[in-house]
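The values are calculated or read from the model by the stated rules, or taken from the named source; none is laboratory data. Since this is a predicted model, take the numbers as computed values, not measurements. Reconstructed Cβ throughout: ideal geometry from the backbone, glycine too, with neighbour counts over all protein chains shown. Keep in mind that these areas ignore ligands, DNA and RNA; they rest on the heavy atoms of the full protein, side chains included. Shrake-Rupley method; radii C 1.70, N 1.55, O 1.52, S 1.80 Å.
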Amino acid sequence: MNYNFDEITDRRNTHSLKWDVGENELPMWVADMDFKTAPEITGAIVKRAEHGVFGYNTVPDEWYDAYIKHWQTRYDFKIEKDRLIFCTGVVPAISSVVRKLTTPAENVLILTPVYNIFFNSIINNGRKVLQCPLKYDGKSYGIDFEDLEKKLADPQTSMMIFCNPHNPVGKIWDKETLQRVGSLCLKHHVIVVSDEIHCDLTETGKSYIPFASVSEECKTNSITCVAPTKSFNLAGLQTAAVIVPDEYLRNKVNRGLNTDEVAEPNSFAVWAAVAAYNNGSAWLDELRLYIDENRRIVSEFIQKEIPQIKLVKSEATYLLWLDCGGLGKNSDDIAKFIRKETGLYLSGGTQYGKGGEQFLRLNIACPKKRLTDGLERLKKGVSEYIKR
């Protein structure tokens, strides 16, 4: 490899949300990586910093071109320039869209278990969360389309927030599934907001399918949120994009983002994204291989050393979904116990909604030495939990 993902970074005392923990604790919860970003991106940031003037910024053609090229090259998805809008983040975009395109007390549907901040974007705006639990057969997940259509047909349901690929279960949705979701949402006049922030982090040899690329129905009735932040570990730079093919929806979204003041880039947001998409492909491909290997290590370790836990097969993201049903149904209690006993900080599954109660989420985007430490702590924590 040309990049060193084994390098141990010390993130303590850097005001890191992830690493704001006790001295002997190991955080493997929130979705950011313990890898330095691609040096090509760091170089672009340093170059911009050396200019020394950090006034207000516009969005240049280079930013649009970088997004267009990346999605065309990697996913064979053509994005028209006028359909792209800069935003400071995927979550700000989702919250803004919920405010602009729905009214208070309407339902916003989500497929649970799902990224917990979706709940915040809905509830904080005075809308109602409508959960549609995914079907889980003990090995993998699918959509309960009978339940989905019933809930989409409710006149009070006006929006669906879709996660593609799905966090936390690591599912890449196939074309048939996407098309069916799109058709049902259009039939029942429900707008789809597709969060595709994890799209670059698929298992090597696999690719995701952009929701808007599947059909005319999906394209014209959707708003897609994307960013280089998960792929290149840039969350703190506040850089993302919204893709809105339909002109009417685009005008609404554009007005909402500007009203909420989340449509203007800081001095580094544009150039970090441009460097990532134009010059970061080699780094990204090596990262995916490294995460593949980490997945394999976790799978083998759990099968051999912690048989009480089942690893749900993951096709995407660097977040693994651990089925702890063999230990009990309260994963929050398990997570708290493991943290107290071993210092390993995982995410309890309850926060991801219905269907997450017996699961833990594990972030494996770290050097192998740190991953091994985490697995040994997990083993110890589970062993002590059983002895209680």
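Assorted remarks:
- Additional length obtainable on full extension of the chain from Asp147 to Arg11, 0.36 nm per residue less Cα span: 44.6 nm
- Cα-centred dipole magnitude for the range 1-124, charges only on beta-carbon of K, R (+1) and D, E (-1), debye, nearest 20: 440 debye
- Residues in the range 100-109 carry Karplus couplings, in order, of 7, 10, 10, 10, x, 6, 6, 8, 10, 8 Hz; the curve used is 6.51 cos²θ - 1.76 cosθ + 1.60 with θ = phi - 60°, and Gly or Pro positions show x.
- Annotation: amide H-H contacts under 5 Å for Asn107 (H modelled 1.01 Å from N, sequence separation of 5 or more, or interchain): Lys128, Thr157, Ser158.
- Order by protection proxy (mean Cβ within 10 Å, highest first), peptides 80-88, 185-193, 270-278: 270-278, 185-193, 80-88
- Phi angles across the range 321-336 convert, under the Karplus curve 6.51 cos²θ - 1.76 cosθ + 1.60 with θ = phi - 60°, into 3J(HN,Hα) values of 10, 9, 7, 9, x, x, 9, x, 9, 9, 5, 5, 5, 5, 4, 5 Hz, Gly and Pro given as x.
- Förster radius 22 Å - calculated FRET efficiency between Asn251 and Thr103, Cβ distance, rounded to 0.05: 0.75
- DSSP beta bridge pairing in the chain, given as percent antiparallel to the nearest 5: 50 percent
- Dipole of the range 328-388 computed with +1 at Lys/Arg Cβ and -1 at Asp/Glu Cβ about the Cα centre; of Phe337, Gly348, Ser383, farthest Cα towards the positive end is Ser383.
- In this structure, Asn330 and Tyr56 have a Cβ-Cβ separation that, at R0 = 56 Å, corresponds to a calculated FRET efficiency of about 0.65.
- Here's the list of aspartates and glutamates a cross-link from Lys139 could span, going by alpha-carbon distance under 18 Å and ignoring same-chain residues fewer than 8 apart: Asp174, Glu203, Glu300, Glu315, Asp323, Glu357.
- Between Thr372 and Arg48, the distance separating the two model label sites (each 7 Å from Cα on the Cα→Cβ line) works out to 3.8 nm.
- Taking Cα centre as origin and charging only the Cβ of basic (Lys, Arg, +1) and acidic (Asp, Glu, -1) residues, the dipole magnitude of the chain rounds to 780 debye.
- Accessible surface calculations at 1.4 Å, restricted to protein heavy atoms, place the range 1-130 at 52 Å² per residue.
- Label-point separation, Glu293 to Asp174 (7 Å along Cα→Cβ), nm: 3.2 nm
- Averaged over residues, the count of other Cβ atoms within 10 Å places the peptides 196-205, 67-76, 315-324 in the sequence 315-324, 196-205, 67-76, highest first.
- Label-point separation in nm, Lys206 to Ser281, each point 7 Å along Cα→Cβ: 2.3 nm
- For the range 107-260, share of DSSP beta bridges that run antiparallel, in % to the nearest 5: 25 percent
- Protection proxy ranking, peptides 101-109, 325-333, average beta carbon neighbours within 10 Å, highest first: 101-109, 325-333
- Net charge dipole, the range 269-388: roughly 380 debye, given to the nearest 20, about the Cα centre with Cβ charges of +1 for Lys and Arg and -1 for Asp and Glu.
- Residues whose amide H comes within less than 5 Å of that of Ile143, counting only those at least five positions distant or on another chain, are Lys135 (H built at 1.01 Å from N in the peptide plane).
- Charge dipole of the chain about the Cα centre (unit charges at C-beta), most positive-ward option of Leu311, Ser183, Thr239: Leu311
- Close lysine pairs were tallied over the range 168-323: pairs 8 or more places apart or on different chains with Cα atoms under 27 Å apart number 25.
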